[in-house]
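The values are calculated or read from the model by the stated rules, or taken from the named source; none is laboratory data. Model, not experiment: these values are computed from the prediction. Counting neighbours? That spans all protein chains shown, and the Cβs are built from the backbone with ideal geometry, glycine included. These area figures cover heavy atoms from the full protein model, side chains too; ligands, DNA and RNA do not enter into them. Shrake-Rupley method; radii C 1.70, N 1.55, O 1.52, S 1.80 Å.
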Amino acid sequence: QVQLVESGGGLVQPGGSLRLSCMISGSIYRYNAVSWYRQAPGKQRELVGSVFPTGPTNYGDALRGRSTISADVGTSTVYLAMNSLKPEDTAVYYCNARGDESDYWGQGTQVTVSS
C-alpha cells in the first residue's frame, strides 16, 4: 500500500520560514508528478506546486515566489520550503502523488502562521 507521510508543520511567526517533507513509500519514479496543495478553513484546496521526477518544477499561485519544491529521489522525499510566511498562509498542507492510474494523498500537516 502506498503511503505519503507529511511532516514539518507547526506554528511559525509572520515572516518566518518552514520546510515541509513528504516521504513516499516506494520509488518516486512511479509517479508522473508529486505535488503540494493546501487548504485553509472554509476555502478550496489549492495547488502550491508540483515536481516532476524527469522534468521541471511548476508552481501555482499559492506561495508563488515564496516557496521552493525539491525532491530527493534517493529517499523518495519531496520538500516544500516556504519563506516570508503570512497569516493567510495558515492551512493544512497536503502531499499528492499522481501516476497514470494512481492518485494518492497524505494525511496533511498543519501550518499556522501567527504571532
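Each residue of segment 103-115 in order: what ³J(HN,Hα) in whole Hz does its phi give by Karplus 6.51 cos²θ - 1.76 cosθ + 1.60, θ = phi - 60°, with x for Gly and Pro?
For segment 103-115, the Karplus curve yields 7, 10, 10, x, 7, x, 9, 7, 10, 10, 10, 7, 8 Hz.
Please pull out the direction-averaged projected area of the chain, using the convex hull of its alpha-carbon atoms, in nm² to one decimal place. Numbers along the way, then the final one.
Values: hull surface 27.0 nm².
Averaged projected area of the chain's Cα convex hull equals 6.8 nm².
How much accessible area per residue does the chain have, counting only protein heavy atoms and a probe of 1.4 Å, in square angstrom?
Value returned for the chain: 53 Å² of accessible area per residue.
Where the accessible area of segment 1-44 is counted over protein heavy atoms with a 1.4 Å probe, how much of it, in %, is carbon and sulfur?
Exposed carbon and sulfur together represent 48 percent of the surface.
Give, as a single signed number, the net charge of other residues whose beta carbon lies under 13 Å from the beta carbon of Ser84, with Lys and Arg counted +1 and Asp and Glu -1.
+1
Could you check the simple spin-label distance between Ala40 and Ser114, using points 7 Å along Cα→Cβ, in nm with one decimal?
Inter-label distance under the simple model: 1.5 nm.
Full-extension gain between Asn83 and Ser70, please, as 0.36 nm times their residue separation minus the C-alpha to C-alpha distance.
3.2 nm
Can you pull the percent of segment 58-115's accessible area that's carbon plus sulfur, 1.4 Å probe, other chains left in place?
Carbon and sulfur atoms account for 43 percent of the accessible area of segment 58-115.
Between Thr57 and Leu11, what FRET efficiency comes out of the Förster formula 1/(1 + (r/R0)^6) with R0 = 25 Å and r the beta carbon distance, rounded to 0.05?
It comes to 0.40.
At Met23 and Gln1, where each label point lies 7 Å from the Cα along Cα→Cβ, what is the point-to-point distance in nanometres?
Here the answer is 1.7 nm between the modelled labels.
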